[in-house]
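Beneath this line is the structure, given in structure tokens, with notes to follow.
The values are calculated or read from the model by the stated rules, or taken from the named source; none is laboratory data. It should be emphasised that the depicted structure is a prediction, and the values quoted were computed from it without experimental measurement. Neighbour counts run over all protein chains shown; Cβ positions are idealised from the backbone, glycine included. We work out accessible area using only protein heavy atoms, side chains counted, and drop any ligands, DNA or RNA first. Shrake-Rupley method; radii C 1.70, N 1.55, O 1.52, S 1.80 Å.
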Amino acid sequence: MTDEKAGGTAAIAATLAGLQNSRLGTITQQVTIKILQLLGGILAWELLVQGLDVDPRIVPGPAEVLQSLWALTISGILIGAIWITMQETVIGFVIGAVLGIGLAVILSEVPVLKAILQPYIVALQAVPKVAVAPLFLIWFGFGMESKIALVISILFFPVLVNTMAGLESTSEEQMELMKAYRATRWQTLLRVKAYVALPFVFAAFEVSLVLALTAAVVAELLGSGTLVGLGTLIKIYDARMNSAGIFAVLIVLSVLGVALHAIVVAASRHFLSWSRPV
Amino acid sequence: MNMQFSQAAGLPTSSKASPIHVSALTKVFRTRTGDEVMALADTTFKIAGGEFVSIVGPSGCGKSTVMRIIAGLIDASKGAVLLGKDVVTAPSPEIGIAFQKAVLLPWLTVARNIALPAELEGRKSEAEIAARVEQLLAMVRLTGVGQRYPGELSGGMQQRVSIARALMTEPSVLLMDEPFGALDALTREHMHDELLAIWEYSHPTVVFITHDIAEAVYLSDRVLVMAARPGRVVADIRIDLPRPRQADIRGEARFARLGAEIRALIPH
Ligand SMILES: Nc1ncnc2c1ncn2[C@@H]1O[C@H](COP(=O)(O)OP(=O)(O)OP(=O)(O)O)[C@@H](O)[C@H]1O
Ligand SMILES: [Mg+2]
């Protein structure tokens, strides 16, 4: 009994040691490299600011920015702002993706409709969406709706166009196979076209999720009410000439952008595992 | 018995499977540059219900085109195909088809690829489908591979998966376009005997396209020889070797003679 236990413990210890040597070892190494990179960057930043004797109201040093970031965090303002901006981004992303994919499916299944709408799509796609943002403020007010509207409008077209291209990229052989086995239109859509389109859809997501975050911030910069998102924070600090605060928010935005991108990449790895050559 | 009688008479065994009547079939393709290619010109032949017929001929003579018209996948320019009593206008549920390329869906496991025709049809229960898939995997010597993805298989393995898929719904008409082209000699001979066992068991009507003359002789009741430009049938050779076929027949003089006769008829 005790022998067995001892054997088990030894085995676990051996496994752990093995992990440490292989996977854990490389992870530790990578983390160390990342930390050194970060510290190096901060050091270079500090040296540049001091060496060039830059006015801290124009380009603040890392100490001031970190201080600002700390103050924002403990006051709870930062979390609140992240929550607002992420809501706008994610809700806009989901609605835009659903609308884009939905319309792509309808248009690719009904060629007549596609022929009729194609010129409008091309024209609307060419409009710089940010230029429409003031209109969204007029239509939807200063609340979250106008921000979500801008996010949707930025995302919608890349998703629509990519999904349509994806749905049409089935091979003739695949379509012949489905025809030979008398698949219905619905079966062909769900069992072939959807999968063929998936890599295209994820490619659109990868590009447009970071754009969606940008759109939410831009919309906040253009006008916001009582809700304070990250863009609104920047505007407030701008009015106070507090560039350390602006830098702090920019750092947070960049971390959020990287995190969103990583989520899409992970999802696409998961759902497209079959398409990776082994 | 009935079977012995028909064998003695050298006739195809009677079967409930539909006969195929290809009647004055012409197919003209228009290429992207606007040229016309006559893939088939006034081609006529009959295949009795339950008969095993191979088609041989040089590359580009229209073998795949004939098969796709019989399958209802493309229209003829002129003429018609009768499957049983019906003119073929669209794919029929009687037909199982193995294409020249494997055409597997890379996002489905091997098992789901094989099950596809039955899943689309929606008549068999999940348990029935699973059991049939196992049976077919064993038949094509891929037991244990069911949960892998097509991208993880060799070309020959993929081709065997596509053959299993063609047999999924127990079709009474089997169309096969160079199904064993990517297989090594030993696997190929194993597949010959498996295919013949299926044929002896349920007597489907088989149209079997191949470039391998020995394969055509070993499997078939009749071999049709096609020529190109324009595509047409130029000879119809009856293979009166006894059934069930045994592997050692490949060494016999009459087997070699039939092969030589067909080889001489293929234009090159
Ligand atoms: N979709 C198409 N468009 C234009 N021409 C075609 C098309 N399909 C086939 N052809 C032409 O028709 C002719 C017959 O083609 P088919 O594929 O039936 O030949 P095959 O006998 O099966 O040849 P292989 O043994 O090489 O498979 C060829 O000349 C080919 O170029
Ligand atoms: Mg061919």
- Query: Hey, got the average number of other protein chain Cβ atoms within 10 angstrom for residues in A:202-212?
  - Reply: 0
- Which of the peptides A:265-275, B:163-173, A:109-119, B:71-81 is most tightly packed, and how do the rest follow, judged by the mean count of other Cβ atoms within 10 Å per residue? B:163-173, B:71-81, A:265-275, A:109-119
- Item | Alpha-carbon Rg/Rh ratio, for the protein assembly as shown, with Rh computed the Kirkwood way | 1.15
- Message: Please report the antiparallel percentage of the DSSP beta bridges confined to the protein assembly as shown, to the nearest 5.
- Response: 55 percent
- Solvent-accessible surface ranking, highest first, for B:HIS203, B:HIS21 at 1.4 angstrom: B:HIS21, B:HIS203
- Could you go through the stretch B:136-150 in sequence order and give the Karplus-derived ³J(HN,Hα) for each residue, using 6.51 cos²θ - 1.76 cosθ + 1.60 with θ = phi - 60°, rounded to whole Hz, and x for Gly and Pro? 5, 4, 5, 4, 8, 6, 10, 4, x, 9, x, 8, 7, 9, x
- Item | 3J(HN,Hα) from dihedral phi, the stretch A:163-177, Karplus parametrisation 6.51/-1.76/1.60, rounded to Hz, x for glycine, proline | 5, 4, 4, x, 5, 8, 9, 5, 7, 4, 5, 5, 5, 5, 4
- Taking springs between alpha-carbon atoms closer than 10 angstrom, which of B:ALA247, B:ALA17, B:ALA216 fluctuates most in the Gaussian network model of chain B? B:ALA247
- Leaving out same-chain residues fewer than 8 places away, which lysines sit with a Cα under 18 Å from that of A:LYS193? A:LYS114, A:LYS179
- From other protein chains only, count the Cβ atoms within 10 Å of every residue's Cβ in A:179-187, then give the mean. 6
- Of all DSSP beta bridges located in chain B, what percent are antiparallel, nearest 5? 55 percent
- Message: Computing the accessible area with a 1.4 Å probe over protein heavy atoms, can you report the carbon and sulfur percentage for chain B?
- Response: 53 percent
- Would you grab the residues whose amide H sits under 5 Å from the one on B:GLY79? Only those 5+ places off in sequence or on another chain, please, with H modelled 1.01 Å from N. B:THR26
- Task: Kindly state, to the nearest 0.05, the FRET efficiency for B:LYS85 paired with B:TYR201, given R0 = 25 Å and r defined as their beta-carbon distance.
- Result: 0.50
- Taking the Cα-to-Cβ direction at B:ARG141 and at A:LYS114 and moving 7 Å from each Cα, how far apart do the two end points lie in nm? 4.4 nm
- Ranked packing of A:229-238, B:127-136, most packed first, by mean Cβ within 10 Å: A:229-238, B:127-136
- Task: Over both sides of the A-B contact, add up the buried accessible area with a 1.4 Å probe and give it to the nearest 100 Å².
- Result: 2100 Å²
- How far apart, in nm, are the 7 Å Cα→Cβ label points at A:VAL122 and A:TRP83? 4.7 nm
- Task: Whenever you get a sec, line up B:ARG141, B:ARG68 from highest to lowest accessible area (probe 1.4 Å, protein heavy atoms).
- Result: B:ARG141, B:ARG68
- Message: Let me confirm one metric for peptide A:191-198, namely the mean number of other chain beta-carbon atoms within 10 Å of its residues' beta-carbons.
- Response: 2
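So if each residue of separation counts as 0.36 nm, and I subtract the Cα-Cα distance between A:ALA239 and A:LEU66, what length gain in nm does that give?
On the way: separation 173, 0.36 × 173 = 62.28 nm, distance 2.01 nm.
That pair, A:ALA239 and A:LEU66, stretches by 60.3 nm at full extension.
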- What accessible surface, in Å², does a 1.4 Å probe find on A:MET241, ignoring ligands, DNA and RNA and rounding to the nearest 10? 140 Å²
- Query: What order do you get for A:140-146, B:249-255 when each peptide is scored by the mean count of other beta carbon atoms within 10 Å, highest first?
  - Reply: A:140-146, B:249-255
- Query: For the stretch A:57-204, what is the convex hull (Cα atoms) projected area averaged across all directions, in square nanometres?
  - Reply: 13.3 nm²
- Item | Extension gain, A:ILE251 back to A:GLU145 (0.36 nm per residue minus Cα-Cα distance, nm) | 35.6 nm
- Task: Take B:TYR201, A:TYR195, A:TYR181, A:TYR120 and sort them by solvent-accessible surface of the protein heavy atoms, 1.4 Å probe, largest at the top.
- Result: B:TYR201, A:TYR120, A:TYR195, A:TYR181
